[in-house]
Amino acid sequence: MRAPSPSDVASSALPPDLSLQSRLRRHPVIAALYGTAPLPVFLDSAAEVGILAHVELSELQAVMTTLHSAGKFILLNMDTCEGLAHDKAAIDYLAGIGVAGLVSTRVATLLRASRAGMITMQKVFVTDRTTWPRSLKALEQSAPNLVQLMPAPMLPRLGAADREQLPPIVAAGFVCNEKEARAALAAGAIALSTSEQRLWKLPAGALGAP
């Protein structure tokens with residue numbers, strides 16, 4: 001058996017890359033968590049990234065402590081968190097308790113989060129072609145790191161010119177099984193967000209690299 005080389009030893013000693021990009025490359029499923037009930041499943045799953053929504057403000061810090069201790073990367077859907085103003089003080093509080101990034105439909109909220117050094121994801125609902133120009137204008141203003149495009153089946157309908165104007169896409173809505181997950185990734189999404197817990201439990205690499 002070949003003795004380990006210095007490069008082998010160095011490679012094995014390297015910690016895993018915990019950036020959002022690397023996490024999604026390993027496991028492109030983002031767990032959509034509505035309230036605290038799904039937390040045990042998420043904590044026990046292979047999914048590394050979650051979007052947290054509809055959590056009581058009084059519970060938020062304790063929930064974040066638990067998730068952070070488990071090594072999960074969490075974005076908070078701030079639009080669903082009652083009791084939080086969309087101001088700088090609220091953004092600073094969230095950053096202080098370990099929220100890595102924010103999801104919102106609001107341009108001003110995303111701009112404040114970006115200035116605070118947080119990852120930003122803008123939520124966009126594609127209802128028809130008449131609303132699309134407004135969505136593109138909002139994305140231009142907020143310049144988010146990611147766009148959460150809903151519903152996912154609309155993604156293949158976007159033309160090349162539309163895609164070039166978008167930040168990296170997270171597909172959401174109507175992603176309920178592996179076939180739909182693979183379709184979203186094949187259509188150009190770098191990841192997908194879903195409340196379907198079976199997809200959270202897929203082993204890393206099961207869907208291939210996005």
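The values are calculated or read from the model by the stated rules, or taken from the named source; none is laboratory data. These numbers were taken from a predicted model, which means no experiment stands behind them. Don't worry about glycine lacking a Cβ; one is built from the backbone with ideal geometry, like all the others, and counts go over all protein chains shown. Please note that ligands, DNA and RNA were not included when accessible areas were found on the heavy atoms of the full protein model with its side chains. Shrake-Rupley method; radii C 1.70, N 1.55, O 1.52, S 1.80 Å.
Computed in the context of the full set of protein chains, the accessible area of segment 11-169 at 1.4 Å probe radius has 55% of its extent on carbon or sulfur.
Taking a sphere under 11 Å around the Cβ of M118 and counting the other residues whose Cβ falls inside, with K and R at +1 and D and E at -1, yields a net charge of +1.
Each of M150, A32, V99 was scored by the projection of its Cα onto the charge dipole of the chain, and the greatest displacement toward the positive side belongs to M150; charges sit on the C-beta of Lys, Arg, Asp and Glu.
Projecting the Cα atoms of V175, L202, A187 onto the charge dipole of segment 145-206 (Cβ charges, centred on the Cα centre) puts L202 farthest toward the positive pole. Normalised by the number of residues in segment 28-131, the average gap of Cα pairs under 8 Å and 6 or more apart makes the relative contact order 21 percent. Using bins of 10 Å that start at zero, the share of Cα-Cα pairs per bin across the chain amounts to 8, 34, 35, 17, 5, 1, 0, in whole %. Here segment 135-210 is assigned +1 on the Cβ of each Lys and Arg and -1 on the Cβ of each Asp and Glu. Its dipole about the Cα centre then comes out at about 160 debye.
Counting Lys and Arg as +1 and Asp and Glu as -1, what is the net charge of the other residues whose Cβ lies under 13 Å from the Cβ of V55? With Lys, Arg at +1 and Asp, Glu at -1, the neighbours total -4. Applying both filters, DSSP loop and at most 12 other Cβ atoms within 10 Å, to the GluC sites (Glu not before Pro) of segment 38-111 gives E56, E82.
Pairs with C-alpha atoms separated by more than 28 Å, drawn from the list K88/K201; K88/K137; K72/K137; K72/K123, are K88/K201; K72/K137. Dipole check for the chain: with +1 at the C-beta of Lys and Arg, -1 at the C-beta of Asp and Glu, and the Cα centre as origin, the magnitude is about 460 Debye.
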